[in-house]
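Scroll down for the structure; my scribbles are underneath it.
The values are calculated or read from the model by the stated rules, or taken from the named source; none is laboratory data. Given the structure is predicted, the values throughout are model-derived calculations rather than measurements. Every residue, glycine among them, receives a Cβ derived from its backbone with ideal geometry; neighbour counts consider all protein chains shown. Just so you know, the surface numbers come from the protein's heavy atoms only, side chains and all, with ligands and any DNA or RNA stripped out. Shrake-Rupley method; radii C 1.70, N 1.55, O 1.52, S 1.80 Å.
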Amino acid sequence: MLVTWVRNALRPKRERVLPVKSMLFFAVPALIGLLSGGISTEIGKYRLGDFLDTVSPRCTMFIDGRAVQDASPVLDTLRRVGPLPAHHSGFGRTFDLTVSDPPRQITLWIARDSNDPHEYWVFFPSPSKLAFRAKMRTDIGHVKTTVFDGYGW
């Protein structure tokens, strides 16, 4: 696309042609990538919200394979997951959170923020086996809480 733009800029003004093919060759994949990223985030938020709206109080919960005795504070925290103002930090160690309410089950990855010890990133694991092996994550939101502080940090 850049080569076509440079060639076009060097031509006299009356001979210039809009490089439609090269623009589409660049723009369409970029647009598809942006849309698929946004859509997958929204699907993850919807699936989590739908699960939390109908979860039973008798559900079982595991954090990194350890059973959680009282799941209600964690469920209340997950219901508050949403966007937080960006502050240019990353995330640290990730742990698995599994909520089982037979016959349904949901697994999330939770990671502590690198700057704020009470902010946690919530990820929805990819259902794709290839993406799962590559640890690709869909960030569905953040939450500030102290609920996860006692789980091996």
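Observations on the model:
- All positions within region 68-94 that are out of contact with any strand residue (DSSP E or B) (no Cβ under 8 Å at 6 or more places or on another chain), under 22 Å from Phe51 (Cα atoms) and among the small types (Gly, Ala, Ser): Ser72
- In region 103-122, the condition of being part of a loop (DSSP other than H, G, I, E, B), of a type in the set (Ser, Thr, Tyr) and more than 19 Å from Tyr151 (Cβ to Cβ) is met by no residue.
- Which numbered condition Arg80 fails, given (1) at pLDDT 90 or above; (2) more than 17 Å from Tyr120 (Cβ to Cβ); (3) within 17 Å of the chain's Cα centre (by Cα): (2)
- Thr94 vs. criteria surrounded by 14 or more Cβ atoms within 10 Å (Cβ to Cβ), under 18 Å from Thr145 (Cβ atoms), of a type outside the set (A, V, I, L, M, F, W, C) and at pLDDT below 90: yes
- When Pro117 is tested against the conditions (1) at pLDDT 90 or above; (2) over 21 Å from Thr54 (Cα atoms), the lone failure is (1).
- Only one of the numbered conditions (1) farther than 16 Å from Ile140 by Cα; (2) within 19 Å of the chain's Cα centre (by Cα) is violated by Leu108, and that is (1).
- Selection count, region 127-144, where residues are open to solvent by 10 Å² or more (accessible area, probe 1.4 Å) and modelled with pLDDT of 70 or more: 4
- Inside region 48-89, residues that are farther than 16 Å from Val147 by Cβ and surrounded by fewer than 14 Cβ atoms within 10 Å (Cβ to Cβ) make up a count of 13.
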